[in-house]
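Some notes on the structure that comes next.
The values are calculated or read from the model by the stated rules, or taken from the named source; none is laboratory data. Note that the structure is predicted; figures quoted are calculated from it, not measured. So basically every Cβ, Gly included, is an ideal-geometry build from the backbone, and we count neighbours across all protein chains shown.
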Amino acid sequence: MVCYVDSTVLYYNNKNGINSVQKQMKDQEQLLSVSDLRVHFPGRKSGFLGKPLPIQVVNGVSFEVYKGETLGLVGESGCGKTTLGRALIRLGHPVVSGKILFEGREISALGNREFRFLRKEMQMIFQDPFGSLNPRLTVGQMLAEVLLVHGIARGEAARKRIEELLNIVGLNSEYYNRYPHEFSGGQRQRIGIARAIAVNPKFIICDEPVSALDVSIQSQIINLLKDLQRDLGLTYLFIAHDLSVVEYISDRVAVMYLGKIVEIADSAELYANPKHPYTKALLSAIPNPEPGGKKERILLNGDLPGPLSIPSGCSFHPRCPVAKAECRNREPKLRNLNNNNSHQASCLLYE
């Protein structure tokens, strides 16, 4: 496999064509199911005595994640990707409405005490590899705390487990007594990955795990995640901006715009045959790595609207190059575009 690296993008290719490394999903059993999930935050008041206006960050999202797969989640900054990921594991964001099923069990209505026992099944790798680590604790102390809180190991057994985790993520076990500031960005992210897999989770949310790293290090972390998925049977929700990285690691890809999923499909299908105008515009922004290669760029008008000023009808219509008059008043629904339900899009062009 050839990996082209430049300052803007990682691009993967081989003799069988782009994205030929995508595996066929053998196990179609659902691990996570999300139905009409909404996350709103209180905003500014409408007048002196008025109630705070709700900020609609995630607004009616539904999708499934199957065991052993990687579901990529892409979209512009501010579309609600990270909020959605944090809401799934109840990390600081309350769920206003909707259902979240994990292995067939509804977890959205669980109390904090009940949900605590589920936390080791669902973990998160954060975007900032330094801010997510406690600068006052050594690597050994951080990982030992995880093992202790979840009742997995303590004492000498915990130390052996920590050394094993460091070796799994490609770090020397001698780093046990070092502090976060003594590591590079890539090494710190490896520590974050070790912390996430320490409790043997089934589902990991990767919140832009490589965006803060040098491009030359990104491929190492991505390949590490793929190896861990193969060896440990992990399932990922992979949130990212880099569409080439998402194409390489994902089995399916969901495209998010203003708090809603506007298209979801198998990775190879979405990149080869995008349906939603927003998806087409995103993919047209991927740089062409071939010398002298050119591609038609689709430019969108205006900026992403704020969550307090979501347009009526189709929320994308003010920027859409093919919008019709009815798009201003009618909200499209996510609908199947083929017989096997593997490609869905919300656009009035297909209704």
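Criterion first (in contact with a His (Cβ under 8 Å, 6 or more places away or on another chain) and farther than 25 Å from Leu84 by Cα) does Cys327 satisfy it? So Cys327 fits the description; yes.
State yes or no: is Asn200 polar (S, T, N, Q), free of Cβ contacts under 8 Å to residues at least 24 places away in the same chain, over 30 Å from Thr279 (Cα atoms) and touching a Leu at 6+ places or on another chain (Cβ under 9 Å)? Steps first, please.
Working: polar (S, T, N, Q): yes; free of Cβ contacts under 8 Å to residues at least 24 places away in the same chain: no; over 30 Å from Thr279 (Cα atoms): yes; touching a Leu at 6+ places or on another chain (Cβ under 9 Å): yes.
Here the answer is no, as Asn200 does not meet what is asked.
Scanning region 252-309 for residues that are assigned to a loop (DSSP other than H, G, I, E, B) and either touching a Leu at 6+ places or on another chain (Cβ under 8 Å) or aromatic (Phe, Trp, Tyr) (or both) yields a count of 9.
Every condition in (1) in a helix (DSSP H, G or I); (2) in contact (Cβ under 8 Å) with a residue 60 or more places away in the chain; (3) crowded, with 19+ Cβ neighbours inside 10 Å is met by Phe238 except one, and the failing one is (1).
Yes/no matrix, rows are residues, columns are (1) of a type in the set (Phe, Trp, Tyr); (2) touching a residue at least 12 places away in the same chain (Cβ under 8 Å); (3) farther than 22 Å from Ile55 by Cα:
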{"position": "Ser267", "(1), (2), (3)": "no, yes, yes"}
{"position": "Ala272", "(1), (2), (3)": "no, no, yes"}
{"position": "Lys275", "(1), (2), (3)": "no, yes, yes"}
{"position": "Leu283", "(1), (2), (3)": "no, yes, yes"}
{"position": "Asn288", "(1), (2), (3)": "no, no, yes"}
{"position": "Glu296", "(1), (2), (3)": "no, yes, yes"}
{"position": "Leu299", "(1), (2), (3)": "no, yes, yes"}
{"position": "Asn329", "(1), (2), (3)": "no, yes, no"}
{"position": "Asn336", "(1), (2), (3)": "no, no, yes"}
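When each of Lys260, Lys280 is tested for being in contact with a Gly (Cβ under 7 Å, 6 or more places away or on another chain) and not hydrophobic (A, V, I, L, M, F, W, C), the lone residue that passes is Lys260.
For region 297-351, a residue qualifies if it is buried (at least 18 other Cβ atoms within 10 Å of the Cβ) and charged (D, E, K, R), and exactly one does: Arg319. Residues in region 196-206 include at least one that is within 20 Å of Ile162 (Cβ to Cβ) and in a helix (DSSP H, G or I). Considering Asn339, Asn273, Asn301, the condition of being under 28 Å from Thr70 (Cα atoms) and modelled with pLDDT under 90 is satisfied by Asn339 alone.
Can you tell me which residue within region 37-77, out of those that are part of a strand (DSSP E or B) and small (Gly, Ala, Ser), is farthest from the chain's Cα centre (by Cα)?
At the first step, the residues of region 37-77 found to be part of a strand (DSSP E or B) are 37-45, 52-66, 70-74.
Retained after the next criterion (residues that are small (Gly, Ala, Ser)): 43, 60, 62, 72.
Details: Gly43: 25, Gly60: 17, Ser62: 15, Gly72: 6 Å.
So, considering only residues that are part of a strand (DSSP E or B) and small (Gly, Ala, Ser), the one farthest from the chain's Cα centre (by Cα) is Gly43.
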